[in-house]
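What follows is calculated from the coordinates using simple rules that are stated; it is not laboratory data. This one's a predicted model, so the numbers in the text were calculated from it and none came from an experiment. Cβ: placed from backbone, ideal geometry, glycine included. Neighbour counts: every protein chain shown.
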Amino acid sequence: MRKFIRTLTAILLCSLTLNMPLSHACEEGNALSTAIGKDVPSVEIVVREGKIAIYSQDEPHALLQEIPYSLPNDAKLAPSDLVAFEDMNFDGYIDLKIAASVGRANRYDDCWLWDKASRKFVLHEELSQLASLVFNPESKTVHFYVHISASDSEEATYTWKNGELSPIHRIERTASKDGKMLIEREYRPDEQGKLRLVQEREVLPEEAMGNQDKDV
């Protein structure tokens, strides 16, 4: 009986602490934890209705930050699919990626980068406007791909320079006049860093799909 009372008390405390329904209070995945980096407290992320709460694990239940949030497109996503930890600017500190729009072809995330000065996550507007992001820690590049229509698409690869995204490669694809081929335009930066058209060609749709896989 005493063991039952202790167990019930623990569940009630868990529910009150995390502000979750009792039935979900101790389910795995409702609270996500990670270490951000050197000399930075580990954090626990709790997904609540209308906001995401960020707590310090070094100080029990110390609230560091709250981020306003609404579930995208009425999607039924688990917290592990909703929030992801990733070093998006390759500075050695883990950042926060939160699902903003999840469709069949494209996904957009709100990208919150860890700011050492304020010791908080700060929204990066430009990064958050890019679809289906892939971060490569080996090459320290950021790749995005957006599906516009059945024939049209865009993709680009960026590096980070002085805290800003800098494009190093961009490809645009549109349908040819007869609709049988795709017109692929490739852009690369000039000496001033501005993207210039370097190649335009017609490719088969299946060839374009193969090129997409190579670019990621």
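Give me Rg/Rg_expected for segment 131-215, where Rg uses Cα atoms only and Rg_expected = 2.2 N^0.38 Å with N residues.
So segment 131-215 has a normalised radius of gyration of 1.14.
Hey, got the dipole for segment 31-129? About the Cα centre, +1 on K and R Cβ, -1 on D and E Cβ, debye to the nearest 20?
The dipole of segment 31-129 has a size of about 200 debye.
Which order do GLU200, GLU186 fall in if you start with the one that has the fewest other Cβ atoms within 10 Å?
GLU200, GLU186
Which ³J(HN,Hα) values, rounded to whole Hz and listed in residue order, are derived for segment 90-97 from phi using the Karplus coefficients 6.51, -1.76 and 1.60 in 6.51 cos²θ - 1.76 cosθ + 1.60 with θ = phi - 60°, glycine and proline given as x?
Rounded to whole hertz, the list is 6, 9, x, 10, 6, 10, 10, 10.
Given LYS120/LYS140; LYS38/LYS194; LYS51/LYS161, which pairs have Cα atoms separated by over 29 Å?
Flagged as over cut-off: LYS38/LYS194; LYS51/LYS161.
Once you list every other residue whose beta carbon is under 11 Å from the beta carbon of SER101, what net charge do they have if Lys and Arg are +1 and Asp and Glu are -1?
Spelling it out: positives minus negatives among the neighbours equals -1.
Note the full-extension length gain between ALA150 and LYS116 as 0.36 nm times their separation in residues minus their Cα-Cα distance, in nm to one decimal.
Answer, rounded to one decimal: 8.0 nm.
Once amide H atoms are placed 1.01 Å from N in the peptide plane, what residues at a sequence separation of 5 or more from ALA100, or on another chain, have their amide H within under 5 Å of its amide H?
Distant-sequence amide H within range of ALA100: TYR108, ASP109, ASP110.
Provide the net charge surrounding ARG119, with neighbours chosen by a C-beta distance below 15 Å and charges set as Lys +1, Arg +1, Asp -1, Glu -1.
-4
Expressed as a fraction of 2.2 N^0.38 Å, the rule-of-thumb size for a compact globular protein of N residues, what is the C-alpha radius of gyration of segment 31-129?
Segment 31-129 yields a ratio of 1.05.
Mind ordering 59-68, 104-113 by average Cβ neighbours within 10 Å, highest first?
Highest mean packing first, the order is 104-113, 59-68.
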